[in-house]
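The values are calculated or read from the model by the stated rules, or taken from the named source; none is laboratory data. Computed from a prediction, not measured in an experiment: that's the story for all the values here. Methodologically, a virtual Cβ is constructed for each residue, glycine included, from the backbone with ideal geometry; neighbour enumeration extends over all protein chains shown. In case anyone asks, the SASA skips ligands and DNA or RNA and just uses the protein heavy atoms, side chains included. Shrake-Rupley method; radii C 1.70, N 1.55, O 1.52, S 1.80 Å.
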Amino acid sequence: MKFLNSVLQRDADFARLYSAVATQQLPLAATGLSRIHKAIVSATLARLTERRIVLITHDETSANELRDDLVSLGMNALNLPSRDYNLTELRGFSREYEQKRIDTLSAVADGAFELLTVAVDSAVQYTVPPERLIRNRFELAVG
C-alpha cells in the first residue's frame with residue numbers, strides 16, 4: 001500500500017483531489033475509476049488526511065464490494081445496508097438488516113471507522129437520530 005500511496009501522490013489528478021479534501025471543498029465527486037482504483041484512491045485519501053470518508057455508490061452490491069476491497073487494503077471500512085422492505089404478507093421475518101443498520105450507525109456515532117460505503121437508496125432512508133441512538137445504547141456483560 002505504501003508503494004501505491006507514493007505513486008498516487010505524484011499524480012496531478014490525485015493532487016487536486018487531495019487538495020479539495022484537505023481544504024474541505026466538500027462534497028466532491030470523482031468519476032471514471034474502476035472499483036479497485038476507487039478503493040485505492042479512497043484508502044490513500046483517508047490515510048493522508050486522517051479523515052473519515054463516506055463513499056456513496058449506485059447500488060447495494062457495489063457498496064458491499066467496495067467495502068470488501070477497502071477491508072482487503074487494511075482499512076477499517078463499514079457498509080450501511082439498506083432497509084429490507086417486503087410488501088407481501090409474512091409468517092415470520094428476520095430483523096437482520098435493521099440490526100446491521102443500527103450496528104453500523106452506532107459505529108459511525110463512535111467514529112469507529114475510516115471509510116463508510118453507502119448505496120444511494122440507503123443514504124436517503126430515514127433512521128434514528130444520532131443523539132437518540134447514543135442515549136439508548138447499553139452493553140451486556142457476562143456475570
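Within region 118-132, residues that are touching a residue at least 40 places away in the same chain (Cβ under 8 Å) and closer than 17 Å to Glu98 by Cβ reach partners that are open to solvent by 80 Å² or more (accessible area, probe 1.4 Å) and of a type outside the set (A, V, I, L, M, F, W, C) with beta carbons closer than 7 Å, at six or more positions or on different chains, in the pairs Gln125/Arg83. In region 94-115, the residue that is least open to solvent (accessible area, probe 1.4 Å) out of those that are touching a Pro at 6+ places or on another chain (Cβ under 8 Å) and over 10 Å from Leu80 (Cβ atoms) is Ala109. Restricted to region 1-27, and to residues there that are open to solvent by less than 70 Å² (accessible area, probe 1.4 Å) and within 22 Å of Arg67 (Cβ to Cβ), the residue that is nearest to the chain's Cα centre (by Cα) is Val21.
Write out, first by first residue and then by second, each pair whose Cβ atoms fall under 8 Å of each other, whose residues are 6+ apart or on separate chains, and whose first residue, in region 3-25, is on the phi < 0 side of the Ramachandran plot while the second is among the basic types (Lys, Arg). Every condition considered, the pairs that remain are Asn5/Arg47; Val21/Arg51.
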